[in-house]
Amino acid sequence: LWTELVPRAGSDEIALVALDDQQRLIAAIWDGTQWTRPLLLATQVNSLRDFKAFDAAWESLSGDLLVVWGYSQFVEETRFATLTRTTDTWTTGLFSSTDALAMSLTLASDPSSDQIVAVFGEGLTDDDVGVSVWGGANWHDTVELTLTGLAQSRAMDIGWLGATGQAFALYRDQALTGTFQWTRLNSGGWRRQSEVTLPGVGKMVQAKSRRIPGTNRVLVLLLDDAGAL
C-alpha cells in the first residue's frame, strides 16, 4: 500500500520501507549492487490507506537507519527500529510519549549530527500535532504544538536549517487566519514563531520543504485551501 525510499547521503545505499494491507511493515537496504533480505519490523501499524503512518531517516554521521511507525491509537504509542551499520543489527524500541497519535509522521535528518526530528499528526482520529527529536539513542524535546490542528491534517512538515543545528516544523491550527504556523528548535528547545501570512495565499492544507544544498535556506511548497500551489 505504501513505500518509502530514503537515500543515504554520500553513499550508494537506499533504505526501502513498505507497508502492506496486512499491517506488515518491511525494510530492506539497497547497497549499490543488491537488496538485503527483507526484514519484518511490525505487524501492527496505525493507519493503512488514508495516511502513511511510518517514515525512515539515516543518521548523518553514524550511518545508522531509524524507522518509526505509529503503533497504538489508544495510548499514543509509537514504535521504532534502528539498524546499526557497524554490526548490521536491528534493535526495536518503544516511544510511549509522543503527545500525538502517529497516524501520520515525517522524519528529517540533521546533516551535521546524528539527530533526527519527527513531526506527528493524528490523521482521521484527532487534531493534535507533536514534535520530538531522536538523539541517536533516545528521544528528547518532545512537545505538543497544538490540540486544535487542522482535521485530517496533511498540513505539516519538518526539517533543518542547513548545518546550523536548528530544526523547524510547519503546521496549521484550525483557527489560523493566515497561511501557516511554525516552530523552531535551538539549544533552548522548541520555540513557537509568529504566524506566517503570505499575500494572496490561503490557509495551508499541504506542505513540503526541501533544504537548499550549501545554504541555510529552505524551499517550502504550499498547497492552500483554494487549490493554489
Over the chain, what is the percentage of antiparallel beta bridges among all DSSP beta bridges, to the nearest 5?
100
Report the chymotrypsin sites (Phe, Trp or Tyr not before Pro) located in the range 63-132 that are in a DSSP loop and have at most 13 other Cβ atoms inside 10 Å of their Cβ, or state none.
PHE74
Given the options VAL201, VAL117, VAL67, state which has the largest fluctuation in a GNM of the chain using a 10 Å cut-off (strictly under) for Cα springs.
VAL201
How large is the charge dipole for the range 54-105, taken about the Cα centre, if only the Cβ atoms of Lys, Arg (+1) and Asp, Glu (-1) carry charge, to the nearest 20 debye?
100
Which of ASP88, ASP127, ASP114 moves the most in a Gaussian network model of the chain with Cα springs under 10 Å?
ASP88
Taking +1 at the Cβ of each Lys and Arg and -1 at the Cβ of each Asp and Glu, which of ASN216, SER11, GLN22 sits farthest along the dipole of the chain towards its positive end, judged by Cα position relative to the Cα centre?
ASN216
Carbon plus sulfur, as percent of the 1.4 Å-probe accessible area of the range 173-229, comes to 51
Electrostatic dipole magnitude of the chain [Cβ: Lys, Arg +1; Asp, Glu -1; Cα centre; debye, to 20]:
520
Magnitude of the Cβ-charge dipole of the range 119-222, K/R +1 and D/E -1, about the Cα centre, nearest 20 debye?
560
Sorted by chain and number, the residues with a modelled amide H under 5 Å from that of PHE95, at a separation of 5 or more or across chains, are THR78, ARG79, PHE80
If you roll a 1.4 Å probe over the heavy atoms of the protein chains, what accessible area per residue do you get for the range 54-170, in Å²?
35
Using alpha carbon centroids, what distance separates the range 156-229 and the range 1-54, in Å?
27
When all protein chains stay in place, what accessible area (Å², nearest 10, 1.4 Å probe) is found for LEU198?
70
Values of log10 I(q)/I(0), in the order q = 0.14, 0.20, 0.23, 0.28 Å⁻¹, for the range 24-82 under a Debye, Cα-only, solvent-free model
-0.45, -0.83, -1.00, -1.22
Just to be sure I understand: with springs between alpha-carbon atoms less than 10 Å apart, which residue in SER104, SER47, SER209 has the highest mean-square fluctuation in the Gaussian network model of the chain?
SER209
If I take the Cα coordinates of the chain and project them onto the principal axes, what are the three extents in Å, biggest first?
50, 40, 33
Given H placed 1.01 Å from N in the peptide plane, which residues other than close sequence neighbours of SER47 have an amide H under 5 Å from its amide H?
ALA53
Could you please state how large a percent of the accessible area of the range 79-142 is carbon and sulfur, counting protein chains only and using a 1.4 Å probe?
43
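The values are calculated or read from the model by the stated rules, or taken from the named source; none is laboratory data. Being a predicted model, the structure only gives us computed values, none of them experimental. Ideal geometry is used to build each Cβ from the backbone, glycine not excepted, and the neighbour counts take in all protein chains shown. Calculation scope for accessible area: heavy atoms of the full protein, side chains included, ligands and nucleic acids excluded. Shrake-Rupley method; radii C 1.70, N 1.55, O 1.52, S 1.80 Å.
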